[in-house]
1. Under 7 Å by Cβ, and 6 or more places apart or on different chains, what pairs join a residue from the stretch 36-60 that is touching a residue at least 60 places away in the same chain (Cβ under 8 Å) with one that is exposed (fewer than 14 other Cβ atoms within 10 Å of the Cβ) and basic (Lys, Arg)?
2. Out of all the residues in the stretch 137-152, which are part of a loop (DSSP other than H, G, I, E, B), small (Gly, Ala, Ser) and at pLDDT 95 or above?
3. Would you mention how many residues in the stretch 185-207 are closer than 26 Å to ALA73 by Cα, in contact with a strand residue (DSSP E or B) (Cβ under 7 Å, 6 or more places away or on another chain) and free of Cβ contacts under 8 Å to residues at least 40 places away in the same chain?
4. Please state which of the following conditions LYS193 fails to meet, knowing it meets all the rest: (1) in contact with a helix residue (DSSP H, G or I) (Cβ under 9 Å, 6 or more places away or on another chain); (2) among the charged types (D, E, K, R); (3) within 16 Å of ASP157 (Cβ to Cβ).
5. If I filter the stretch 183-193 for residues that are within 17 Å of the chain's Cα centre (by Cα), at negative phi and aromatic (Phe, Trp, Tyr), do I get at least one hit?
6. Can you confirm whether the stretch 14-31 contains a residue that is modelled with pLDDT under 95, more than 18 Å from LEU210 (Cβ to Cβ), surrounded by 15 or more Cβ atoms within 10 Å (Cβ to Cβ) and of a type in the set (Ser, Thr, Tyr)?
7. Which residue is modelled with the lowest pLDDT, if the candidates are limited to the stretch 176-201 and must be assigned to a loop (DSSP other than H, G, I, E, B), touching a Gly at 6+ places or on another chain (Cβ under 9 Å) and within 25 Å of ALA69 (Cβ to Cβ)?
8. Check the stretch 111-130 and report whether any residue there is assigned to a strand (DSSP E or B), touching a residue at least 12 places away in the same chain (Cβ under 8 Å) and farther than 16 Å from ALA171 by Cβ.
Amino acid sequence: MSVAPAPAPPDPAPVTGTASFAAAVGAGPQAMADLEAFRLLLAEWNERMNLVGPSALAEFWPRHAYDSAQLLAHAPTALRWADLGAGAGFPGLVLAILLKGRSGATVYLVETTQKRCRFLQAVVDALNLPAVVCNGRAESQVLKVDIVTARALAPLDRLLGYSEPYLKRGATGLFLKGQDIGSELTEATKCWKFDAFTTPSLSHPQGRILTVKGLSRVRKV
């Protein structure tokens, strides 16, 4: 594994609600309206099924939406994204909302659980988003994308296995990770070779964004 030093982080913009979120990510009125509609749909569906914990709704703007939206700054020209383990729509639905209106944009929301797929499809339909819900295992999809991403899906060694088909087709990995990224990288090198670097998250002081390229398996001797 080759891990480059992390670039110097920009000064994070404090996000406490809708106005500061819009300023931090450059979201226009339509995107903000769609994000608010997504938030309300998430709260509605969460009463019927356990999509997220109670704190996720309370921290929708400063933690979850901002955590997701910051990925666009790391790949500003990328149009085709795959969100593995899309779950309740972080980061995939947020990315689709912010990419809405850009020619050629598509976010693939890959999720194994049917009830979560029903929620994702409901939001996609309600907001007319440039997204496709894929109900199945991440490693079984045949998709060519610019970026493969995931948030809180699995430890890195397993996550790289899920992401391998996408990376082998030319994608770059942008993975939202936490404070254990150092130990996860160490463990992943037992099975994988790759180039990577980490960047501090803007949404949480202990969060990291891991960029991965050039994945291959370690040959057993």
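The values are calculated or read from the model by the stated rules, or taken from the named source; none is laboratory data. Since the model is a prediction, treat every value here as computed from it, not as a measurement. Counting neighbours? That spans all protein chains shown, and the Cβs are built from the backbone with ideal geometry, glycine included.
1. Sorted first by the residue in the stretch 36-60, then by its partner, the pairs are MET49/LYS115.
2. Answer for the stretch 137-152, where residues must be part of a loop (DSSP other than H, G, I, E, B), small (Gly, Ala, Ser) and at pLDDT 95 or above: there is none.
3. Counting residues in the stretch 185-207 that are closer than 26 Å to ALA73 by Cα, in contact with a strand residue (DSSP E or B) (Cβ under 7 Å, 6 or more places away or on another chain) and free of Cβ contacts under 8 Å to residues at least 40 places away in the same chain gives 0.
4. It is condition (1) that LYS193 fails.
5. No: zero hits.
6. yes
7. Step by step, filter the stretch 176-201, then rank; the result is GLN179.
8. Scanning the stretch 111-130 turns up at least one residue that is assigned to a strand (DSSP E or B), touching a residue at least 12 places away in the same chain (Cβ under 8 Å) and farther than 16 Å from ALA171 by Cβ.
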